[in-house]
Amino acid sequence: MKAVSRSRITPHASRRGDRGGDPLDGLVNLFDLGIVLAVAFLLAALQSVNLSDLLTQENVTVTRTEADSQTLIIKEGESIKTVRLSKKTVTGSGRRVGEVFRLQDGRLVYVTGAGGAPVDPTP
């Protein structure tokens with residue numbers, strides 16, 4: 001019997017491309033899948049705490065009440081501010097500088113009065 005050498009490349013084999021492809025091509029698809037899953041988890045987390053309104057273009061105010069404090073999340077345009085309010089009683093002396101009025105559309109308006117006098121916001 002004659003031994004066949006397997007290391008020999010035939011002329012026909014050198015003209016054909018590699019049909020196996022690049023083994024790292026699949027990682028690109030996994031990266032895309034990871035980004036999609038990350039966005040999906042972010043949306044699910046926002047929905048679970050009822051904060052999905054923060055993704056809209058509207059101005060939103062969210063109030064969260066806890067046992068000893070209250071948190072306001074205020075979104076105006078593109079900026080989001082968080083204000084923490086405590087239920088602690090503050091004592092001291094001072095004078096009234098204005099009043100807060102709620103308009104018919106739900107907005108709050110702070111009106112300062114001259115000398116601390118109450119002011120009527122209606123024209």
When I74, I35 are ranked with the fewest other C-beta atoms within 10 Å first, the list becomes I35, I74
Under 12 Å, Cβ to Cβ, from E66 - net charge with Lys/Arg +1 and Asp/Glu -1
+2
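None of the figures in this text is laboratory data; all of them are computed from the coordinates on show. Only a predicted model underlies this, so the values are computations on that prediction, with no experimental measurement involved. Positions of Cβ are generated from backbone atoms using ideal geometry, with glycine treated the same way; all protein chains shown enter the neighbour counts.
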